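Every number here is computed from the coordinates shown, using simple stated rules; none is lab data. Keep in mind the model is a prediction, meaning the values are calculated, not measured. Here the Cβ positions follow ideal geometry from the backbone for every residue, glycine too, while neighbour counts run over all protein chains shown.
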Amino acid sequence: MADRVIHPLQLKVGDALPFNARDARGVLLLRQGQVITSLGQIERLVENVKSAESDGPVEIPRDRPLSKVSPLGLALEARRRLHALLSNPEPVDFTDEVRRIGSMLCKACSMNADVVLASILLCRDEPYSVRHAVNVAVSSYITGKAMHLDASTLTSIVSAALTMNIGMFDLQQQLVSLKGTLNDELRQQVEIHCEHGTGLLQEYGVNDPLWLEIVRDHHERPNGSGYPAHKSAASIAVPTQLVALGDIYCARVSGRMYRSAMAPNEALRRLFLDEGAVADEQYAALFIKTLGVYPPGTSVRLRNGSIGVVTHRGVSGQRPRVSSITTQDGLLVSTPIRRSVESEAHAVSEVVNLDELDLSISPAALWGGDALL
């Protein structure tokens with residue numbers, strides 16, 4: 001078999017390498033057939049091989065059981081499959097495919113919700129329209145689970161989040177790159193996308209009343225300022241308010257041409273300050289409590305001066321679990337250092353931007369096998 005560029009999605013502990021692995025200089029790292037024995041071996045390979053980004057998105061092989069895929073791998077595969085579905089002008093088996101994608105996300109969250117929440121902040125390669133839909137599905141599903149909503153309601157929430165902007169799927173990607181304000185024509189297209197999307201879903205065979213209701217009403221606001229019907233709080237279903245909270249939060253933590261991404265703790269703080277305008281106060285508070293004041297994936301500076309990434313939500317939203325990726329003097333460490341949340345020196349001092357600090361980190365280094373792709 002010919003040599004190939006390898007991608008972490010194709011690697012798994014216990015598997016035999018299906019091809020020769022070489023680094024950017026052509027040096028042979030592992031031979032075809034050699035068994036991968038550890039996560040550390042995979043991480044060293046990923047650090048040394050040529051980039052596979054130019055080859056386009058890497059798909060999980062169809063014959064690979066999803067039970068063998070990591071939580072992060074499932075979340076990113078859900079993005080890919082959703083993009084394929086929504087890009088198809090004549091989708092087949094639409095309802096069942098959306099639910100299959102939703103099931104992948106639910107499984108990923110059941111395996112490691114912190115890793116999947118971190119993907120909202122750390123994994124930004126896919127087109128915004130698809131990435132945003134999956135992110136909203138994840139955040140609203142996890143909050144719905146915290147509310148002990150029944151399985152049927154959670155399925156409707158996830159399905160609706162994945163398809164809430166189907167009425168402006170192509171337009172949404174254009175709006176991300178828009179530098180100025182909306183003109184009247186674009187504003188009208190945005191304001192009708194909820195009703196248009198509901199109509200499209202019905203054409204595609206969706207007959208779940210709650211799914212359709214959430215898509216139609218996800219821009220309604222309790223104070224009556226929303227659209228398309230300017231409903232009041234009593235008329236907006238709880239599942240719809242959860243999706244609306246996820247929609248606003250995930251939009252704020254994603255950058256645009258005209259603004260930088262908002263820090264996640266600030267985005268959540270504004271949700272609470274906006275409560276009443278965005279959602280009922282108790283739901284806004286629960287959403288923030290569920291994600292944590294510093295959600296997984298948040299980049300932070302600790303009181304000892306080191307830079308770290310939040311890996312797990314703590315019992316207290318103020319004290320999440322953090323792994324340092326630098327020393328207190330700013331030097332990169334070879335392996336992230338898990339910090340004790342009980343130590344004052346390792347408490348969060350401030351949120352930082354890794355891009356601005358010219359730092360990056362492999363999710364697999366932070367979460368191990370749950371973040372292998």
Inset, instruction - Find how many whole Å separate the alpha carbon centroid of the range 98-170 from the alpha carbon centroid of the range 262-290. - result: 18
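Within a 10 angstrom radius of the beta carbon, how do VAL98, VAL315, VAL300 rank from fewest other beta carbons to most?
Values: VAL98 28, VAL315 8, VAL300 21.
Ordered from fewest to most neighbouring Cβ atoms within 10 Å, VAL98, VAL315, VAL300 come out as VAL315, VAL300, VAL98.
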Inset, instruction - Could you go through the range 268-273 in sequence order and give the Karplus-derived ³J(HN,Hα) for each residue, using 6.51 cos²θ - 1.76 cosθ + 1.60 with θ = phi - 60°, rounded to whole Hz, and x for Gly and Pro? - result: 6, 4, 5, 4, 5, 5
Inset, instruction - Pick out, from THR181, ALA108, GLN282, the residue whose Cα sits farthest towards the positive end of the charge dipole of the range 66-291, with +1 on the Cβ of Lys and Arg and -1 on the Cβ of Asp and Glu. - result: ALA108
Inset, instruction - State whether the range 66-291 is rounded, prolate or oblate according to the following rule on the C-alpha gyration tensor (a ≥ b ≥ c being the square roots of its eigenvalues): a/c under 1.5 gives rounded; otherwise a/b larger than b/c gives prolate, and the remaining case gives oblate. - result: rounded
